[in-house]
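The values are calculated or read from the model by the stated rules, or taken from the named source; none is laboratory data. It should be emphasised that the depicted structure is a prediction, and the values quoted were computed from it without experimental measurement. Note that we place each Cβ from the backbone using ideal geometry, even for glycine, and neighbour counts take in every protein chain shown. Quick note on the areas: whole protein, heavy atoms, side chains included, nothing else; ligands and nucleic acids left out. Shrake-Rupley method; radii C 1.70, N 1.55, O 1.52, S 1.80 Å.
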Amino acid sequence: MGITAQLAEFTAAIRLDRLPPDVVNRARFLVLDLVGNIVRARHDAESTPSFVAAVRAMGMAAGNSGVFGDAARYTPAGAAFLNGALAHSLDFDDTHAAGSLHPGAPVISAALAAGEMVGASGADVLAAIIAGYEITCRVALALPAGEHYDRGFHPTATCGAFGAAAAAARVFGLDADGVGGALGTVLSQCAGSLQFLVNGAWTKRHQVGWAATNGLMAATLVREGFKGAAEALEGRHGFLRAYAPNPNPDRAVQDLGTVFELMATAVKPYPSCRYGHAGIDAALALRAANDLKPADITKVTLGLPRAGMMLIGQPADKKANPENVVDGQFSGPFVVSSALATGAMDWDSYNHLRDPVLRALLPKVTCEFDPEIEAEFPANMSGKLTIEAGGRRFTQKVVVPKGEPSNFLTEAELRAKFAGLTVAVLGADRAARLADAVLAIDTVSDVASLMRQAAPLMPARLAGE
């Protein structure tokens, strides 16, 4: 049996009551984390007005499917797209380090849209989400993701399309052949480019939302009798051979069903590229321990792995002069400067892109390749920060940043992050009730009841309104 067939069989057979309790509980937490991102992005991400306007212009805003943080209803495709794109718009969504991607945005969005289409139970949707995480992350590991990145691909979108298709197929109750057909169908639609790094383009968000929609469409086509390509992953013209030079197909099914890659997924305490989080942790710790003042700092060096340098360290002149939110999210100098200047790195930090104190720090922060940090990768997205201030030198290495699987956020910390993102849109009481409902997703008989709790009742400014 080929790897596509094995992954399809795993997906079709997955049942929530047969899964380890820690996997189920972690999946609930990951859904909560993503929903918070969607609600806030629907409220004020700068790309949201164009997303909403386009969905409306294309007739995708007249349906019965929900978008978190929005009282309007959309078609299933429109909801999958908006939830997926919004989930990734703050760059505050979950990460899988070894796969170099964000699995939740495409997978959860497709699963929920499929669930509303057929009135699926929360337990079935959560099982489908777990399957989608496994397919997304395992496909990325088989590429492997680093060589895929080197070719300019964005794994969250390319690999996420397969996870989205698998999740939607499982919600629809397709058998193993049907899941395989959905994977073979979405093969023709998996796309995503890193070219957004050049000018802070919003394509990074768009292509993730589109991956969710493509996955939903692929599963829907097969549900209606469509024939997808066989051997979508390992075939001669399949994904692994076409999208990376040296794939390892067997990695996709290694320990399948016994080791869950979902458990290797991290959540972000900061809304920026994950490669900068160790530096932020170190900056906050050194600032607090040594009462560092921005004016006293003369030099800062952030040691990174090679993959981190590519995303947040180079080109140095561009990273030292972020012009917009996306630039800031992918700037090591900005996130470290924000932490040192303000003692925080949260979504509101992007309001300080032009702050003179922060701007004065930016040219003092240098990112450099650090062999010691490279040795920790990909097991850990580590970093080492060295600060020179007032004639003294301070160094802190962070091997496991906060939010990583072995240093995961507690339920209280996740709820605090959720509240910080959602209260401005939903109000404190409704936000708390939504958090409770999401964490109990597996108990609802129809997932649509969960979606209805996500609409704002209080007056709130929504992007695009």
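When ALA57, ALA27, ALA85 are checked against the criterion of being at pLDDT 95 or above and more than 19 Å from GLY163 (Cβ to Cβ), a single residue qualifies: ALA57.
Would you check if there is a residue in the range 419-434 being aliphatic (A, V, I, L, M), open to solvent by less than 20 Å² (accessible area, probe 1.4 Å), at pLDDT below 95 and within 30 Å of ASP291 (Cα to Cα)? Among the residues of the range 419-434, at least one is aliphatic (A, V, I, L, M), open to solvent by less than 20 Å² (accessible area, probe 1.4 Å), at pLDDT below 95 and within 30 Å of ASP291 (Cα to Cα), which makes the answer yes. HIS96 falls short on exactly one of the conditions (1) modelled with pLDDT of 95 or more; (2) touching a strand residue (DSSP E or B) at 6+ places or on another chain (Cβ under 8 Å); (3) not basic (Lys, Arg), and that condition is (1).
For beta carbons closer than 9 Å, sequence separation of 6+ or different chains, a first residue in the range 127-153 that is closer than 27 Å to VAL444 by Cα and a second that is among the hydroxyl-bearing types (Ser, Thr, Tyr) and in a helix (DSSP H, G or I), the qualifying pairs are ALA128/THR11; ALA131/THR11; GLY132/THR11; GLU134/THR11; ILE135/THR11; THR136/THR156. Within the range 193-209, being open to solvent by 10 Å² or more (accessible area, probe 1.4 Å) and either under 14 Å from the mean Cα position of the chain (by Cα) or of a type in the set (Lys, Arg) (or both) holds for LYS204, HIS206, GLN207. Note on the range 204-246: residues that are more than 22 Å from PRO144 (Cα to Cα), of a type in the set (Ser, Thr, Tyr) and touching a Phe, Trp or Tyr at 6+ places or on another chain (Cβ under 7 Å) total 1. When ALA45 is tested against (1) modelled with pLDDT under 95; (2) open to solvent by 20 Å² or more (accessible area, probe 1.4 Å), only condition (2) is not met.
Got at least one residue in the range 7-14 being surrounded by fewer than 20 Cβ atoms within 10 Å (Cβ to Cβ), among the acidic types (Asp, Glu) and either at pLDDT 95 or above or touching a strand residue (DSSP E or B) at 6+ places or on another chain (Cβ under 7 Å) (or both)? Yes, the range 7-14 has at least one match. Within the range 66-117, being open to solvent by 10 Å² or more (accessible area, probe 1.4 Å) and at positive phi holds for one residue alone: SER100. Taken together, the residues in the range 205-238 that are in a helix (DSSP H, G or I) and not aliphatic (A, V, I, L, M) amount to 10.
Whenever a residue of the range 254-271 is under 13 Å from LEU19 (Cβ atoms) and free of Cβ contacts under 8 Å to residues at least 24 places away in the same chain, it has no partner that is surrounded by 24 or more Cβ atoms within 10 Å (Cβ to Cβ) and acidic (Asp, Glu) lying with C-beta atoms less than 7 angstrom away and at least six residues away or across chains. If you go through the range 236-253 and keep only what is touching a residue at least 60 places away in the same chain (Cβ under 8 Å), under 17 Å from LEU187 (Cβ atoms) and not aromatic (Phe, Trp, Tyr), you end up with GLY238, LEU240, ALA244, PRO247, PRO249, ALA252.
Take the residues of the range 144-170 that are surrounded by 24 or more Cβ atoms within 10 Å (Cβ to Cβ) and modelled with pLDDT under 95: which is farthest from the chain's Cα centre (by Cα)? So, considering only residues that are surrounded by 24 or more Cβ atoms within 10 Å (Cβ to Cβ) and modelled with pLDDT under 95, the one farthest from the chain's Cα centre (by Cα) is HIS148. The set of residues from the range 391-406 being part of a loop (DSSP other than H, G, I, E, B) and in contact with a Leu (Cβ under 8 Å, 6 or more places away or on another chain) comprises LYS402, GLY403.
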